Each structure stands twice: as structure tokens, then as C-alpha cells.
Amino acid sequence: MHRISRILAPVDFSPCSRASLSQALKFAERFNAPVQVLNVWEVPHNVRPDLMVWIEGSDGQPVSQIASADAGRQMNAFLADLSPEERARIEVKLEGGDPVDTILQVASEGGFDLIVMGTHGRRGLTHLLIGSVAEKVVRQAACPVLTVRNREGTAT
Ligand SMILES: Nc1ncnc2c1ncn2[C@@H]1O[C@H](COP(=O)(O)OP(=O)(O)OP(=O)(O)O)[C@@H](O)[C@H]1O
Ligand SMILES: [Mg+2]
């Protein structure tokens, strides 16, 4: 395998993506490479992203802005346990869109040479071998994809 110089770690804040981020950080240390931690936030399929929402005590905001701010808060909480050394290695990216398309696009445009992601995510149906986002990224990515199982969370 050639040198790994850029690692992409897509996370959906699930325990499995925590396990995959921790694996990504081990590779990062081994190869002295930076890790981009990516979350793709979505608005529900039947909701227009520019739909205005009024939350008590604030001005109206488009639903996409609320989803993006929420992803930012979840990302901060998700990364709170990282050591200062790990923090120094990571860069955070939040993108709105379809998770598969966005992960593939970020991976190719950013010139990443390894994607490290969980086998399962938030829905975590453990009877399935692998979640649909992970499966499609494995099938379509131009670079190698490492999928990581969450040992604690799976029955087998
Ligand atoms: N919106 C997302 N943004 C970034 N990474 C994601 C996102 N969704 C999933 N992932 C990545 O893909 C991994 C597998 O999640 P996936 O969505 O494939 O499984 P699932 O949620 O169990 O099943 P499904 O979504 O197919 O019902 C996660 O651990 C995470 O690394
Ligand atoms: Mg999922």
C-alpha cells in the first residue's frame, strides 16, 4: 500500500462511528496524516430545506440552518473526549445533503486516500451485515474503504 496522507472519517455520531473514528486516529498517528471528520446532515425528504421554522425566543430560520447548527453541536459533543494530540490531527467538516453522494464527493474532491467508517450507524440493524451508507460507499469509492465494527454493540 502506498503512503496514506489524507484520511476521511465520516461519522453519524453512533457508537459504531465512534469506534471507526478511533481506528482512523490510530492510522493517522501511524502515518502522521491528518483526519477529516465529516458529518452529512439531512433534512427530512419531504421537507424543503428553505422552509422557515420559528422556535420560541428566536427569529425564523430555514430548517436547513437548524439542521446544520444541530450537527455542529452534536459534533462538538462527539469530539469532546479526544486528547489534545488527537484534536490537533483532526479537521471538522459539516455538509448538508445525501450521505452517500456527499461522502463520495468529499472523498474525491479532497484527494483522500483512505476512508474509515463504521459498518453500522444510527439505525444499527445488527442482523444486516453492513448499513446501506457503508455498503454504497464501499461499492463506489475510488479509494480504499476500511469498515470498522463496534464490538460492544453487536451480538456477534
Ligand atoms: N450522515 C452521515 N454522515 C457521515 N457519515 C455517515 C452518515 N451516515 C452514516 N455514516 C457512516 O456510515 C457508517 C455506517 O452507517 P449506515 O448508515 O450505513 O448504517 P445504519 O445507520 O446502521 O443503516 P441504514 O442507515 O442503512 O439504515 C456510520 O458508522 C458512519 O461512519
Ligand atoms: Mg444510517
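The values are calculated or read from the model by the stated rules, or taken from the named source; none is laboratory data. Quick caveat: nothing in here was measured; it's all calculated off a predicted structure. Using ideal geometry, Cβ is built from the backbone for each residue, glycine included, and neighbour counts are taken over all protein chains shown. Surface areas here come from the heavy atoms of the whole protein model, side chains and all, with no ligands, DNA or RNA. Shrake-Rupley method; radii C 1.70, N 1.55, O 1.52, S 1.80 Å.
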In this structure, does LYS93 turn out to be closer than 30 Å to LEU129 by Cα, open to solvent by 30 Å² or more (accessible area, probe 1.4 Å), part of a helix (DSSP H, G or I) and not aromatic (Phe, Trp, Tyr)?
no
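Going by the structure shown, is ARG18 exposed (fewer than 15 other Cβ atoms within 10 Å of the Cβ) and either within 15 Å of the chain's Cα centre (by Cα) or charged (D, E, K, R) (or both)?
Here the answer is no, as ARG18 does not meet what is asked.
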Quick test of your reading of the structure: GLU135 fulfils all but one of (1) open to solvent by 30 Å² or more (accessible area, probe 1.4 Å); (2) away from ligand 2 (no atom under 11 Å from the Cβ); (3) in a helix (DSSP H, G or I). Name the failing condition by number.
(2)
For the stretch 42-86 the number of residues that are outside any helix (DSSP H, G or I), open to solvent by 50 Å² or more (accessible area, probe 1.4 Å) and of a type in the set (A, V, I, L, M, F, W, C) is 5
Is one or more of the residues making up the stretch 111-126 open to solvent by 30 Å² or more (accessible area, probe 1.4 Å) and more than 16 Å from ligand 2 (Cβ to nearest atom)?
yes
Within the stretch 51-63, does at least one residue satisfy the condition of being over 24 Å from ALA24 (Cβ atoms) and either touching a residue at least 24 places away in the same chain (Cβ under 8 Å) or among the charged types (D, E, K, R) (or both)?
yes
Going through (1) open to solvent by 60 Å² or more (accessible area, probe 1.4 Å); (2) out of contact with any helix residue (DSSP H, G or I) (no Cβ under 7 Å at 6 or more places or on another chain) one by one, ARG3 fails only at (2)
Of the residues in the stretch 105-138 that are polar (S, T, N, Q) and near ligand 1 (Cβ under 7 Å from one of its atoms), the one that is nearest to SER17 (Cα to Cα) is THR119
